[in-house]
Amino acid sequence: MIVADKKPIEEIIEEVKNNEKILILGCNECVTVCEAGGKKEVGVLASALRMYFLNQSKEVKIDEITLERQCDHEYLEEIRDVMDQYDAVVSIACGVGVQFMAEKYHSTPIYPGVDTCFLGVTEERGLWTERCQACGHCILASTGGICPIARCAKRVLNGPCGGSAKGKCEIDKEIDCAWQLIIDRLEALDRLDEYEALCPLKDWSTDRAGGPRKVVREDVQQ
Amino acid sequence: MKVKTPSKLEKILAAGHYAVTSEVGPPRGSDPENITKKAEMIKDYVDAINVTDNQTSVTRMCSLAACIRLKLMGLEPVLQMVTRDRNRIALQSDILGAASYDIHNILCLSGDHQSFGDCAQGQNVHDLDSMQLIQTARYMRDEGKFLGGGDIGRPPNMFVGAAANPFADPFEIRVPRLAKKVAAGVEFIQSQCIYNMEKFELWLKMSGDRGLLDNVYILAGVTPFKSAGMARYMKNRVPGIEVPDELVKRMADTPKEKQPEEGINICIEQIEHLKGVEGVHGFHVMAIEWEEMVPEIVERSGLYPRPTVE
């Protein structure tokens, strides 16, 4: 899933403090799972803002809506009829949702209410960690199913670097060395001999380096 | 091994002499004297001088410019290049720039993470990793081509090196990792500072058993302790360095004013010991902020005068 984290309330207040009719827009997908932008968080943020404006003796209308998703036209269309009631929207979907809202509702300011962090997993409640950087060409088949691009601080493709100590990364003792994990996994798979295959220079043109990306699937179009 | 480049370092190794290298770190400023003075101090005692590339991710004068300074003094630089700060365009471009000054040695590294340095908020590049930089330098030299396939006019002619750390984790892949670097085309290795002789010798033996040492020269890295505090720091704080307790104790049991001398003594004993170890082809003396001791270390280790080669 796309993992996001709540923005500090001060930052959101700064975004919307001059507005009078604000919609807090949640998303029922990834950001709900990572407890940053679902229905519950919409309620919490709306309450905090109401409190702030009350303390400022300002009358501000704050409404709450949570859509099924903010990355599909059909769900964003569900609020078309009410959008004219607001002079600002705080979207607490990921950055994708914020932008898709802004594209669709061109004349309404859409502010981000979360920081979009990474593609990751729920390790335990309250702990989400990164697994994928969406480089556009998956190499997991040759790395024992563990991604050095997402999980090595230097995205070293032929690791580990000299900074691997006792299975941890040189930048932080809390972070596993991705290459230690890869080696352990190759060992468990009885495939450690594969470690010696040199990983060739990566074609980063499918990554961010190649510019904004798209996937076109003619077979599913229409 | 057959000599493939005009590198003096390669010629000395190929002639069967113990090679001696050391290093200078460029300054946090643009004063060229900082580099030339350090080089002047050690030049007659080493065959080649490594120039570090923004080591520990602290911004400094660039390695290439400092190497050119050494070259203009008639010395033999080893251009250290990390993959942290440059993409494949910049890496190839800097290799050509170095080649235009007939810099004949390159050491391919990934570099410390930027979070250790003075620009912790900066991006890192790592378009290539150190193994891929080895491949790139060899490809440019041997094929005379850019990674993009175009021909290089006057290709670089560099002796290609890399680092190896027998003490990093996990130990079981330390030899396979060297094998990988050899397969990538590395020609010489400068090892991490060695204090745990037993482990280093085991690594070397295992590497030799696999036939790796027929294809690569190993320069054993040594670093003298300036004090007992430094020995403790290296033991406890520096990842990938192993300092046996008895060495820390030996430094700590020495009166403070005698500790620098004891550190040098230990370093010389280490070199003497390593001279007897099969597979050691030379020494990389890293006297950190203590360059002035390199002549004494080299001289007392019986490695002076340095040989001359054609």
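The values are calculated or read from the model by the stated rules, or taken from the named source; none is laboratory data. Note that the coordinates shown come from a computational prediction; the quantities given were computed from them, not determined experimentally. Please note: Cβ atoms are built from the backbone with ideal geometry, for glycine as well, and neighbour counts cover all protein chains shown.
Points worth noting:
- Under the condition of being in contact with an Asp or Glu (Cβ under 7 Å, 6 or more places away or on another chain) and either among the acidic types (Asp, Glu) or not in a helix (DSSP H, G or I) (or both), the residues counted in the range A:17-60 number 11.
- Leading residue by the ranking (nearest to the other protein chains (Cβ to nearest Cβ)) among those in the range B:150-192 that are among the polar types (S, T, N, Q) and either without any contact (Cβ under 8 Å) to a residue 24 or more places away in the chain or within 19 Å of B:Thr5 (Cα to Cα) (or both): B:Gln190
- Residues located in the range B:272-281, provided they are under 16 Å from the mean Cα position of the chain (by Cα) and part of a helix (DSSP H, G or I): none
Listed here are the residues, each with its yes/no results for (1) of a type outside the set (A, V, I, L, M, F, W, C); (2) within 19 Å of B:Gly279 (Cβ to Cβ); (3) more than 20 Å from the chain's Cα centre (by Cα).
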position: B:Glu143; (1), (2), (3): yes, no, yes
position: B:Pro155; (1), (2), (3): yes, no, yes
position: B:Tyr195; (1), (2), (3): yes, yes, no
position: B:Glu198; (1), (2), (3): yes, yes, yes
position: B:Gly229; (1), (2), (3): yes, no, yes
position: B:Glu246; (1), (2), (3): yes, no, yes
position: B:Pro255; (1), (2), (3): yes, no, yes
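- Within the range A:74-91, the set of residues being among the acidic types (Asp, Glu) and in a helix (DSSP H, G or I) comprises A:Glu74, A:Glu77, A:Asp84.
- Subset of the range A:161-208 (residues that are of a type in the set (Gly, Ala, Ser), assigned to a helix (DSSP H, G or I) and either facing chain B (nearest Cβ under 8 Å) or within 21 Å of B:Ala179 (Cα to Cα) (or both)): A:Ala178
- Output for the range A:54-76, where each listed residue is under 25 Å from the mean Cα position of the chain (by Cα) and among the acidic types (Asp, Glu): A:Asp63, A:Glu64, A:Glu68, A:Asp72, A:Glu74
- Qualifying positions in the range B:96-122 - within 11 Å of chain A (Cβ to nearest Cβ) and of a type outside the set (Asp, Glu): B:Leu109, B:Ser110, B:Gly111, B:His113, B:Gln114, B:Ser115, B:Phe116, B:Ala120
- Top-ranked residue of the range A:141-154 - restricted to ones that are more than 8 Å from chain B (Cβ to nearest Cβ) and within 21 Å of the chain's Cα centre (by Cα), ranked as surrounded by the most Cβ atoms within 10 Å (Cβ to Cβ): A:Cys152
- Test for B:Gly211: is it without any contact (Cβ under 8 Å) to a residue 24 or more places away in the chain and at positive phi: yes
- Residues of the range B:289-310 satisfying the condition of being touching a strand residue (DSSP E or B) at 6+ places or on another chain (Cβ under 9 Å) and either among the aromatic types (Phe, Trp, Tyr) or modelled with pLDDT under 95 (or both): B:Glu291, B:Tyr304
- Candidates A:Leu67, A:Leu157: the one that is within 14 Å of chain B (Cβ to nearest Cβ) and crowded, with 16+ Cβ neighbours inside 10 Å is A:Leu157.
- Residue within the range A:135-158 that is more than 27 Å from B:Asn87 (Cβ to Cβ), at pLDDT 95 or above and either not assigned by TED's automatic domain parsing to the domain that holds A:Glu194 or not small (Gly, Ala, Ser) (or both) present: no
- Against the test of being touching a Phe, Trp or Tyr at 6+ places or on another chain (Cβ under 6 Å) and either loosely packed, with under 14 Cβ neighbours inside 10 Å or of a type in the set (A, V, I, L, M) (or both), the options A:Val44, A:Val60, A:Val82 yield a single qualifying residue, A:Val60.
- Checked against (1) closer than 29 Å to B:Ile12 by Cβ; (2) of a type in the set (Lys, Arg); (3) modelled with pLDDT under 95, B:Arg237 meets all criteria but (1).
- A:Arg191 meets the conditions (1) over 24 Å from the mean Cα position of the chain (by Cα); (2) within 15 Å of A:Val3 (Cβ to Cβ) in every case but one. The failed one is (2).
Condition check ((1) in a helix (DSSP H, G or I); (2) not acidic (Asp, Glu)) across all residues:
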residue: B:Cys267; (1), (2): yes, yes
residue: B:Phe283; (1), (2): no, yes
residue: B:Pro295; (1), (2): yes, yes
residue: B:Glu299; (1), (2): yes, no
